Amino acid sequence: MDRGARLASRDGPLASEIVLGLRANWRQFALLVVINAFVGGMVGLERTVVPLLAEHDFGLVSRTATLAFIVSFGIVKALANLFAGRRSDRIGRKKILVAGWLFGLPVPFLVILAPTWGWIVAANVLLGLNQGLCWSMTIVMKVDLVGPSRRGFAMGLNEAAGYGAVSLAALASGYLAADYSLRPAPFYLGIVFALAGLVLSVVFVRETHGHARHEAGLLRTTTGSDPTASTKDVPQPSFTQIFLLVSWRNRALFAVSQAGLVNNLNDGMAWGLFPLYFAAAGLGLPRIALLAAIYPAVWGLGQLATGALSDRVGRKGPIVGGMWIQAVGIGVIVLTRGFGPWIVGMALLGLGTALVYPTLLAAISDVSPPEWRASAVGVYRLWRDGGYALGALLAGLLADRFGIVWAIASVGALTFASGMIALARMHETLPARRTNG
């Protein structure tokens, strides 16, 4: 029995028992959807409350210092994505998932007990590890289970669960903070999320690495099944080769990576600046919480349709259109005043992100062979979640120098430009499942 077979049999089905497809694996797939909802809930708790904590509890005035918690989160999550993808190709997926929950368990306690802002930043280092390891593995494991036929739909379900939970947690934390205080009440939910995610992952999740190996074997026995023309000369590329392919050398993968980076760049800005922007306009916590929840709610629920849509119409159109719709949403928020128009702006931002998010992941899976798909996803997510750190840093510096409005508008312009780059550089990955690299 080779190493891959041992890995599959240790905590999952034997090779002879493996069947790809959503119907055949629906129980494990549904379990991973639930687990990713808990992953999303962990970060959703911070969307409304933590930016306001900076001023209320710790007296911070500098926007750059305030957004340091997102910078730490983004850098660590990006690197954790990279580690998770590559390492899970070697040791399997479940161990990485469980490790992510162990890192997440202390986070709510650190926020509740924090005597200084440095504790909040440290908590977000652990949160970044939790999100990078756990979210990466729920993505990779779902792709492993469903095989090549319904990747967009699978990613739509995964991201809908995660960001639907982000929305509900953002809303719940805001209302708890309004009724009680910014701390500790909202973060009791985080303790429940972390414990539930850890127990489910340890007890019920089964290893899926064998499914990826099984798909690779099927591809090798099917004529003309090589997923990417640009990688025929390197069927087992080194990690450096994978990094360069995803980051630059393959035109489609480059377009996907830059769009992912800019998408999360504007999300980092929205996370850090929008609560402060709305509060400065005189909105109370319940309305700020509702606005903070609308964006990920539309983002999350929209992906139930947009992931499957990309399986029908292709990947490029939703990616380009989604980036431009995000830019329009940000423009509405900057150019209008009042709760009603801002609802529209946040909904547009969520709709654009819903078009982009599962489609980018599906495009990566279209182009990357199963043998190193998790590594490719890890590199993509390195760039994508590095956008959190870059967006928070850029937004903080611009807000301190020119004001919040200019910071938000500048990020909106970058988002529009990213859509232009995708339009110019990306090849369609779905119909022939090839790019010209």
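Could you please rank Ile421, Ile330, placing first whichever residue has the fewest other Cβ atoms within 10 Å of its Cβ?
Numbers: Ile421 16, Ile330 28.
Ranking Ile421, Ile330 by Cβ neighbours within 10 Å, fewest first, gives Ile421, Ile330.
Relative to the Cα centre, what is the charge dipole magnitude of the stretch 66-188, using +1 at the beta carbon of each Lys and Arg, -1 at the beta carbon of each Asp and Glu, and rounding to the nearest 20 debye?
Values: 11 positive and 4 negative charges, 107 e Å.
Rounded to the nearest 20 debye, it is 520 debye.
Of (1) 62, 62, 48; (2) 64, 46, 34; (3) 129, 44, 38, which one was derived for Cα extents along the principal axes in Å from the structure shown?
For Cα extents along the principal axes in Å, the calculated option is (2).
Kindly provide the helix-only [θ] at 222 nm of the chain, computed as the sum of -39,500 (n - 2.57) over DSSP H runs of four or more divided by all residues, to the nearest 500 deg cm²/dmol?
Details: 17 runs with 342 residues, N = 437.
Dividing the helical sum by the residues of the chain leaves -27000 deg cm²/dmol.
Compute the normalised compactness of the stretch 367-437: alpha-carbon radius of gyration over 2.2 N^0.38 Å, N being the residue count. Spell out each step's value before the answer.
Numbers: Rg = 16.5 Å, N = 71, 2.2 N^0.38 = 11.1 Å.
Expressed relative to 2.2 N^0.38 Å, the Cα Rg reads 1.49.
Only counting other Cβ atoms within 10 Å, I'd like Ser62, Ser167, Ser173 sorted with the fewest neighbours first.
Ordered by Cβ neighbours within 10 Å, fewest first: Ser62, Ser167, Ser173.
Got the relative contact order for the chain handy, in percent, Cα pairs under 8 Å and 6 or more residues apart? Please list the in-between numbers first.
Working: 870 pairs, mean separation 118.2, N = 437.
Across the chain, relative contact order equals 27 percent.
If the only charges are +1 at each Lys and Arg Cβ and -1 at each Asp and Glu Cβ, what is the size of the charge dipole of the stretch 273-391 around the Cα centre, to the nearest 20 debye? Can you show the working numbers first?
Details: 8 positive and 4 negative charges, 35 e Å.
Computed about the Cα centre, the dipole is about 160 debye.
Below 8 Å between Cα atoms, with a sequence gap of 6+, how large is the relative contact order for the stretch 6-135 in percent? All intermediate terms of the calculation are to be shown ahead of the outcome.
Details: 108 pairs, mean separation 41.1, N = 130.
The value is 32 percent.
Using the Kirkwood formula over every pair of different C-alpha atoms, what hydrodynamic radius in Å results for the stretch 278-437? Kindly include the intermediate steps, with their values, before the conclusion.
Details: mean 1/r = 0.0593 Å⁻¹.
Here the Kirkwood hydrodynamic radius works out to 16.9 Å.
If packing is taken as the average number of other Cβ atoms within 10 Å across a peptide's residues, how do 354-361, 49-56 rank, most packed first?
On the way: 354-361: 30.4, 49-56: 20.8.
Final packing ranking: 354-361, 49-56.
Work out the count of Lys pairs in the chain where the Cα-Cα distance is under 21 Å, with the pair 8 or more places apart or on different chains.
Working: Lys77/Lys94; Lys77/Lys95; Lys77/Lys142; Lys94/Lys142; Lys95/Lys142.
Taking the chain as the scope, the lysine pair count is 5.
None of the figures in this text is laboratory data; all of them are computed from the coordinates on show. This structure is a prediction, so every number in the text was calculated from the model and none was measured. With ideal geometry, Cβ positions are generated from the backbone for all residues, glycine too; neighbour counts draw on all protein chains shown.
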